[in-house]
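Right, one structure below, let's go through it.
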Amino acid sequence: MRRNLRVTLAIVLGAILAGSCAAQAQRPEGIVERWLVSLNQGAAGRPDLYAPDEVSELVLPGWRDLEPGELDEIEIGADRGERMCEEHCADVPFRVIDLDGDVKEGIAHVDRISGTDWRVASVDLGGAGLAADGGAWATTGASVTAWYLAIAAAVVLALVAVTGVRLIHPPEREPA
């Protein structure tokens, strides 16, 4: 009986953890960020998953021959919502600063290619400026608060894992 309870608990825990890994809805800003981060990986990156090669070459010419980390900063703004295409497109401002300090600003035109998938279709480089409301850029990278939350989540998950293992395989007791 106790063995069946342990197995059931393990299955339930596995189902809960598997459910938390389910696909999330993509945001156009997230696609632009993933594209620029992938572009920053040089030959190891796969920016073609997010944008055509010609578009990537406009932002970081010769990216295939560059070492990873050529871009010092990658900043993404909020969708400007300027194009009239309902929920099927987005205009996402971005700014990249390379290791030499050169700044490129632009607007990434992102189109929905299927139900939840987005792709950068083109970019307009130049003085794109900040988001339409004049808001601040969102620099990629985690804040200190996000790091603390991630560490706390890791500790909780580790405790859950240890508890699960102890329930399934309790420590053997030595005979008295």
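A few comments on the model shown:
- With neighbour counts taken as other beta-carbon atoms within 10 Å, the residues Y50, Y148 rank, fewest first, as Y148, Y50.
- Protection-proxy order for peptides 38-45, 52-59, each taking the mean of Cβ atoms within 10 Å per residue, highest first: 38-45, 52-59
- Once both labels are positioned 7 Å from their Cα atoms along Cα-to-Cβ, the gap between Q26 and A158 label points is 3.4 nm.
- Residue order, fewest to most beta carbons within 10 Å, for E87, E33, E73: E87, E73, E33
- Once the C-beta distance of E67 and A15 is scaled by a Förster radius of 45 Å, the resulting FRET efficiency is 0.55 to the nearest 0.05.
- Fewest neighbouring Cβ atoms within 10 Å first, the residues R173, R27 line up as R173, R27.
Each reported figure results from applying straightforward, stated rules to the coordinates on display, with no laboratory input. What you see is a predicted model, and the numbers here were worked out from it, not measured in a lab. Cβ atoms come from the backbone with ideal geometry, glycine included; neighbour counts cover every protein chain shown.
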